[in-house]
Amino acid sequence: MARVLISGGRVIDPASGVDTVQDIAIEDDRIVEIGVKLAKSPADRIIDATGKLVVPGLIDPHVHLREPGAEHKETIESGTLAAAVGGFTTVCCMPNTTPALDTPEMVTFVDGRSRSTAHCRVYTVAAGTKGRRGEEPSEISLLARAGAVGISDDGDAIASAGVMARVLTMTKQVGLAFMQHCQDPTLTVGASMHAGEVSVRLGLGGWPRVAEELIIERDVRLNTSIGCRYHVQHLSSSGSVEIVRRARAAGQPVTAEASPHHLLLTHEAVGGADGFAYDTNAKMNPPLREASDIAAIKAGIADGTITVLATDHAPHSVEEKARPFEEAPFGIVGLETALPLYVESLVKTGVIDWPRLIAMMTVEPAKLCGLHRIGLGTLAMGGTADVTVIDPEQEWTIRLEDLAGKSRNTPFLGRRVGARVVLTMVGGQIRHERR
Ligand SMILES: [Zn+2]
């Protein structure tokens, strides 16, 4: 039996309300003791966490691992390595692969590949409609039985209200959350960035806020009589925050997530001031918006309207991102950089404190995906030893060599940040360590 002692760190476990300097002892894959000044021996390894934060392993409910079908961008192996480097011990992968994750066999495929290749836990968010075409509901009860932890057609919204009503009803029956990629496709034809001053200046098709807001407004209305847990993915617009706030105040089971880029960058990041240099690493879906949207999302995080922080880790190859702006794919990688970027945008600015940040990256996504029921998202005596250690003051510059996944599409290269994951333990095994 291997015993590891993580000693002298500030243990923050929002699920149990703990925030104090303590030691944690781990034997094999379990936490066996949490307490002040635990005996140093016998221990096979003592990790000195003085000055560090010791938190439950981070959980990301929204990643794209690209396997199967686009292994040149990312694989379950490479994407989960990026996750471990970023402090994540659990990721939930989206179904927009090729083929889509829309059958129990595909859920089983991801499970099998994860068991043999992954560096952290992987769960599947399965497609709500067959082939993610938005036409015919998938066999949601079978997907749930196969282990899906959420339902989504991410990459696309379910545009038909009739289909959406059926999918919400079926998702409610199995107790999962439906996670909507909120984009009315009729309002975004030919759009590649936020509809505003910059899109007009650059002559690029504009993507209005209302394309997102309309879907949320419709779904909330549709869901009133159904009562499915409904989750808004990567919310980008100030109006969306308002709709979610109103729905929650009315007691509806609605949650929402933010992504780092929508908190730190505006449409100005697309560039093009000189008429040429459009940065395809600033091309996102939904698009980067304006300072007023950032302020609204922060207000939504501060008042508890938005409860989940995700990455929307979306790897693309250098060649794909080198295409002209309008032809390049949407999205950026995010697993390796999410924590310091959230610290910069939310903790250093006083929007929320460390315990709330950790809650939004552990117990809140665990509840969204039902993973709290198997003990994830918390540090419990006798519980699973998924632990992340963070240096809250370490300054560093994000460089290419810090990205562990296959792709490097991020506009944050060269950015100076002020917190860093130094150790990631998954089920008692150290999967990442920065010495
Ligand atoms: Zn999406």
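Rounded if a/c is under 1.5, else prolate if a/b beats b/c, else oblate: with a ≥ b ≥ c from the C-alpha gyration tensor eigenvalues square-rooted, which is the range 111-222?
Note, shape of the range 111-222 comes out oblate.
Which far-off residues, 5 or more places away or on another chain, put their amide H under 5 Å from the one on residue 308, with H placed in the peptide plane?
256, 258
Can you tell me the orientation of helix 210-223 relative to the chain, as the angle in degrees between its alpha-carbon axis and the longest Cα principal axis, to the nearest 10?
Roughly 70 degrees, rounded to the nearest 10.
Among rounded, prolate and oblate, which fits the range 55-104 when a ≥ b ≥ c are the square roots of the eigenvalues of its C-alpha gyration tensor, a/c under 1.5 means rounded, and a/b larger than b/c means prolate?
Numbers: a/c = 3.34, a/b = 1.65, b/c = 2.03.
Oblate.
Can you give the helix-only mean residue ellipticity at 222 nm for the chain, where every DSSP H stretch with n ≥ 4 adds -39500 (n - 2.57) and the sum goes over all residues, rounded to the nearest 500 deg cm²/dmol?
The helix contribution divided over the chain gives -7500 deg cm²/dmol.
Can you tell me which of 69, 162, 196 moves the most in a GNM of the chain? Springs connect C-alpha atoms under 10 Å apart.
Of 69, 162, 196, the most mobile in the Gaussian network model is 162.
Of the accessible area of the range 57-374, with the probe set at 1.4 angstrom, what percent is carbon plus sulfur?
Numbers: 5660 of 10570 Å².
The C+S portion of the solvent-accessible surface of the range 57-374 is 54 percent.
Which order do the peptides 416-424, 20-28, 235-243 take when ranked by the mean count of other beta-carbon atoms within 10 Å per residue, highest first?
Sorting 416-424, 20-28, 235-243 by mean packing, highest first, produces 235-243, 416-424, 20-28.
At what distance in angstrom do the alpha carbon centres of the range 1-36 and the range 364-435 lie from each other?
The range 1-36 and the range 364-435 have Cα centres spaced 17 Å from each other.
Once each part is reduced to its C-alpha centroid, what is the distance from the range 189-259 to the range 170-188 in angstrom?
12 Å
Below 8 Å, C-alpha to C-alpha, sequence gap of six or more: please give me the relative contact order for the range 66-165 in percent.
Here the relative contact order equals 27 percent.
About the Cα centre, and with charges only on the beta carbon of Lys, Arg (+1) and Asp, Glu (-1), how big is the dipole of the range 57-374? Nearest 20 debye, please. All intermediate terms of the calculation are to be shown ahead of the outcome.
Numbers: 28 positive and 37 negative charges, 199 e Å.
With only Lys, Arg, Asp and Glu charged at Cβ, the dipole is about 960 debye.
Answer rounded, prolate or oblate for the range 269-425, using the Cα gyration tensor with square roots of eigenvalues a ≥ b ≥ c: rounded when a/c is under 1.5, else prolate when a/b is larger than b/c, else oblate.
prolate
Three principal axis extents, largest first, for the C-alpha atoms of the range 57-374, in Å?
Per principal axis, max minus min of the Cα coordinates gives 54, 44, 41 Å.
Calculate, for the chain, the solvent-accessible area per residue in square angstrom, rolling a 1.4 angstrom probe over the heavy atoms of the protein chains.
36 Å²
The values are calculated or read from the model by the stated rules, or taken from the named source; none is laboratory data. As the structure is a computational prediction, the values presented were derived from the model and not from experiment. Quick reminder, even Gly has a Cβ in these numbers, built from the backbone with ideal geometry, and neighbours come from all protein chains shown. These accessible areas exclude ligands, DNA and RNA; they are computed on the full protein's heavy atoms, side chains included. Shrake-Rupley method; radii C 1.70, N 1.55, O 1.52, S 1.80 Å.
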